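So the structure is just underneath, and the comments pick up after that.
The values are calculated or read from the model by the stated rules, or taken from the named source; none is laboratory data. Quick caveat, the model's predicted, so the values are computed rather than measured. All Cβ positions, even for glycine, are placed from backbone atoms using ideal geometry, and neighbour counts span all protein chains on display.
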Amino acid sequence: MKIKVEEKLTYKEQISLLKKCVDNDLNLSLELKKLGLTYDHLRYRDYSQTDITFNEYKSIEELKQSKQGIPSVSFFSGAGGLDIGFDYAGFENLASIEINELFCKTLRLNNPNMLVIGPPDFSGDMKHRESIASVLKESLGLKSPFEGVFHGGPPCQPFSIASNQRFRKEDENFKRKGFEDKEKGDLLNDYIWFITEFKPKVFFIENVPGLNEIDNGKGLTKSLEQLTKIGYTISKPQVVNASDYGVPQKRLRLIVVGTRSKQKFVLPEISFFQTPCFDVFSKPIGDNENHITREHTAPSVLRYMELDYGQRDHLGRVDRLNPFLPSKTVIAGGTKGGGRSHLHPYSPRTLTVRECARLQTFPDDYIFVGSSARQFTQVGNAVPPLLAYKLAFQIYNQYYK
């Protein structure tokens, strides 16, 4: 929601309200409601808002392609970031495979006619290879060789620096376990088993850069060798920054593409223009779902309001976004605590799930289910749909057009 300068409280009015809440142990949210105000009427000490518009930015809704009749299957689907990208690029998503029941609910809500292989109807556990393969064969009639695309990102926690540094240094989880992680480190090879079994024309892998860094790339190279032996031409693993492809967020992802043709995948050209996160906050959100503001306390707002663009509140471990730059990476957080959002550039509060979803380039009509914490996890775990779209469209142009 964009608040005009004249709608903000004055600095003097705001300080008076916040000190009243602190001195009398009052609930700031209730006091704002009594005055007919919201957290968006609050300001930073150093407050300015630009009316500059950046016409070069196009949301994924504006880029949707007509269906080309090319099938795709999604693995480790999460809340559907890759699925949306391939769908909007003109592919026909046949099924999504996901182990988390809540994520499956989000997938089914937004794709009522698509097969979701996951709880409670199916296991969704990629370790159950034969069981899932049987569903793909019997329900979808999938045969080898499959002329469509397999796409997916095996869970990245074993390879992620951010994920593991949530723990204390003395905790065994602090060190990235990579392929040694007994629960998730071998899921890449489960995915490769499916590629070997069905031989899709193209397969797509995305992950954190750590997948190719943790052991100097030996584990990834060894896994991919299984596919080169059966005739796949595989691109060199490359790290891309989502902000180079129109996403209003800095987010590094590792990309690998393999194909049964002899032509190696070439990444789409990097955009000269990087989308500032200003564009996300300049467009009204209106009545869209998942837009509930966290009810911060007065002491928290007193700390937040002193921050300049890009500065961090170390107590809350949150950063005020700079509207003239792409956002910092949207964080998923742990499976128990949920993600932490950044601070709004113009209002001293954290972002809502919908605002984070916009930074991730989800369509505004895409709904996330579950508690607020779990919604943040789904958004933060996802591949930005716009990045997925650019890569999927490149796959179409190179191998199917």
Residue match in segment 33-42 (condition: modelled with pLDDT of 95 or more, farther than 18 Å from P284 by Cβ and assigned to a helix (DSSP H, G or I)): yes
Residue ID - nearest to the chain's Cα centre (by Cα), chosen from residues in segment 244-264 that are crowded, with 19+ Cβ neighbours inside 10 Å and part of a loop (DSSP other than H, G, I, E, B): R251
Those helices (runs of 4 or more DSSP H) lying entirely in segment 341-401 with at least 3 residues over 21 Å from F204 (Cβ atoms): 353-359, 372-381
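Just to be sure, is T329 hydroxyl-bearing (S, T, Y), in a loop (DSSP other than H, G, I, E, B) and surrounded by fewer than 20 Cβ atoms within 10 Å (Cβ to Cβ)?
Values: hydroxyl-bearing (S, T, Y): yes; in a loop (DSSP other than H, G, I, E, B): yes; surrounded by fewer than 20 Cβ atoms within 10 Å (Cβ to Cβ): yes.
Judged against the criteria, T329 is a match.
Out of L267, L315, report the one residue that is more than 19 Å from the chain's Cα centre (by Cα) and modelled with pLDDT of 95 or more. It would help to see each step written out before you state the result.
On the way: L315 fails: modelled with pLDDT of 95 or more.
It is L267.
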Long-range neighbours under 9 Å by Cβ, at least six apart or interchain, first residue closer than 16 Å to L387 by Cα within segment 190-211, second charged (D, E, K, R) and outside any helix (DSSP H, G or I): E206/R253; N207/R253; V208/R253; P209/R253
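I'm trying to understand the selection: among the residues of segment 99-119, which are exposed (fewer than 15 other Cβ atoms within 10 Å of the Cβ), outside any loop (DSSP other than H, G, I, E, B) and either over 21 Å from the mean Cα position of the chain (by Cα) or not acidic (D, E) (or both)?
L109, the sole residue that qualifies.
I need a count of the residues in segment 298-321 that are in contact (Cβ under 8 Å) with a residue 12 or more places away in the chain and surrounded by fewer than 15 Cβ atoms within 10 Å (Cβ to Cβ). Outline the logic, then answer.
Filtering segment 298-321 down to residues in contact (Cβ under 8 Å) with a residue 12 or more places away in the chain leaves 298-310, 313, 315-321.
Filter once more, so that each one left must be surrounded by fewer than 15 Cβ atoms within 10 Å (Cβ to Cβ): 299, 306, 308, 310, 315-317.
Looking only at that region, the number is 7.
Looking at F86, F122, which is the one that is of a type in the set (A, V, I, L, M, F, W, C), out of contact with any Asp or Glu (no Cβ under 6 Å at 6 or more places or on another chain) and part of a loop (DSSP other than H, G, I, E, B)?
Details: F86 fails: part of a loop (DSSP other than H, G, I, E, B).
That would be F122, the only listed residue that is of a type in the set (A, V, I, L, M, F, W, C), out of contact with any Asp or Glu (no Cβ under 6 Å at 6 or more places or on another chain) and part of a loop (DSSP other than H, G, I, E, B).
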Single match in S29, S74, S59, S123 (criterion: touching a strand residue (DSSP E or B) at 6+ places or on another chain (Cβ under 6 Å) and either of a type in the set (G, A, S) or not assigned by TED's automatic domain parsing to the domain that holds Y245 (or both)): S74
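Would you confirm, using the coordinates I've provided, whether T329 is polar (S, T, N, Q) and either more than 24 Å from D244 (Cα to Cα) or free of Cβ contacts under 8 Å to residues at least 40 places away in the same chain (or both)? So that I can check it myself, show each step before the final result.
Values: polar (S, T, N, Q): yes; either more than 24 Å from D244 (Cα to Cα) or free of Cβ contacts under 8 Å to residues at least 40 places away in the same chain (or both): no.
When the stated conditions are applied, T329 does not pass them.
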In segment 349-392, the residues that are under 20 Å from L63 (Cα atoms), over 9 Å from the mean Cα position of the chain (by Cα) and of a type in the set (G, A, S): A388, A392
Residue check, G219 crowded, with 19+ Cβ neighbours inside 10 Å, modelled with pLDDT of 75 or more and over 23 Å from A95 (Cβ atoms): yes
Unmet criterion (only one of (1) out of contact with any His (no Cβ under 7 Å at 6 or more places or on another chain); (2) part of a loop (DSSP other than H, G, I, E, B); (3) surrounded by 14 or more Cβ atoms within 10 Å (Cβ to Cβ)) for E269: (3)
